[in-house]
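Below: the structure, in structure tokens.
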Amino acid sequence: MTGCRKGPVRAPLETGPLGTFALDPARAALAELVDRFGRDNVAVELTYARDPLADERYDALTRLAREANLPMVATTAAHYHAPPRRRLATVMAAVRARSCLDDMDGWLPAWAGAHLRSGEEMAARFARWPGVVETAGRLGAELAFGLELIAPALPPFPVPEGHGDEMAYLRELTYAGAAKRYGPRGTATDKAYAQLEHELGIIEQLGFPGYFLVVWELVEFCRREGILCQGRGSAANSAVCYALGVTAVDAIRYELLFERFLSPERDGPPDIDVDIESDRREEVIQHVYATHGREYAAQVANVVVTWNLSTRMIVPSSLNHGLERSLSGTVVLEKWPVLVRHEQAAAWLQLWIDLGRAPRTIDAYARGLAEYLIDPHRRQSRPRRLRRTTAGLGKRCLRRARTLPRSCRP
């Protein structure tokens, strides 16, 4: 879709003299989109607006769409879900611009209504442009998928010839590693081998041998290349992970509960986190792409929220009230009843609360390139979850032999 006022078509369209629209630059930008993505993959977007030139803008976009023989789609261009969130949205706009609301006033939209709307509202607003709301509905139906379709289906692991299937190969690697970790089978090692057999049985029952092989291969690559890595978290509860060299914690010695890591009663696959030294993390990422192909591997999103300390520093500067020089977190907690009677401080406190609950950014996250391998030939296969953390292969990983920061500890 062509986007909102900052989009590739709307932005040049708005460059005309005051009260008019620049059709030629917008026409060229639209033609470039069609050339890049194909006519079947481009739609001209009419975003809900009530400013004085909104209808004239819709007419100009309609003209461009008809000239290019492209469909038109009505959207809300929502920046927040409901009207009460507008104040928070404008504060965040000022924060992004490293400015305050007073200085940003002329750059913000002239009307307040960039929130989600009902189908009836959209139909009434775009009655003069028939079909745009219905087209949006059809497009939404085409793009939608049920959450029940999400499944952690992995592509087949490339088992070397002569080693059987994935489960047979996993058993072979596990017992070879166990011989090094625990020694040969015997009375002194009966407990360890019994636990390994128990864990392997559950892994086979739940159908996850390929998952363990993927992680093992990644760790083996790091070991061959001299890249510091370490499995952590609940994977330390697994004797199989210890035998494979994924973790350095002996689950048998410390009598750790395997079912905390994986069990038939738990919903979903296991979670193996591997910390990798940050200086060489990109080598591992590229190895995963090279081994499994870019059709099978993907980076996932990391949702970041703003915590109280950051919020306390951000909000006052955007309001330009100077409160950050007179208030601290301690004062807020101790003098809350007094502050809420102060108009500026009360507004700041409410924004503080709202901002602390809102997602701040979604970052590219390298964690789980092994965990998030997917099979593109299965329709239901998608990265299995969105996780709010910065551990794993994220920014706070092992840096050579330094101690892990608190956020990366098990």
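A few notes on this one:
- Net dipole in debye of segment 65-139 [+1 Lys, Arg Cβ; -1 Asp, Glu Cβ; about Cα centre; nearest 20]: 140
- Accessible area per residue for segment 50-180 is 60 Å², calculated with a 1.4 Å probe on protein heavy atoms, without ligands, DNA or RNA.
- Cα-based shape type of segment 61-163, given that a ≥ b ≥ c are square roots of the gyration tensor eigenvalues and the cut on a/c is 1.5: oblate
- Two-decimal log10 I(q)/I(0) for segment 149-272, as the Debye equation yields it once each C-alpha is a single scatterer, q = 0.10, 0.18 Å⁻¹: -0.29, -0.99
- Note on Arg223 and Ala28: the extension gain reaches 64.9 nm, defined as 0.36 nm multiplied by sequence separation minus the Cα-Cα distance.
The values are calculated or read from the model by the stated rules, or taken from the named source; none is laboratory data. On a predicted model such as this, the values are computed, not experimentally measured, just so you know. Every residue, glycine as well, gets a Cβ built from its backbone with ideal geometry; the counts of neighbours run over all protein chains shown. Accessible surface areas use protein heavy atoms only, side chains included; no ligands, DNA or RNA. Shrake-Rupley method; radii C 1.70, N 1.55, O 1.52, S 1.80 Å.
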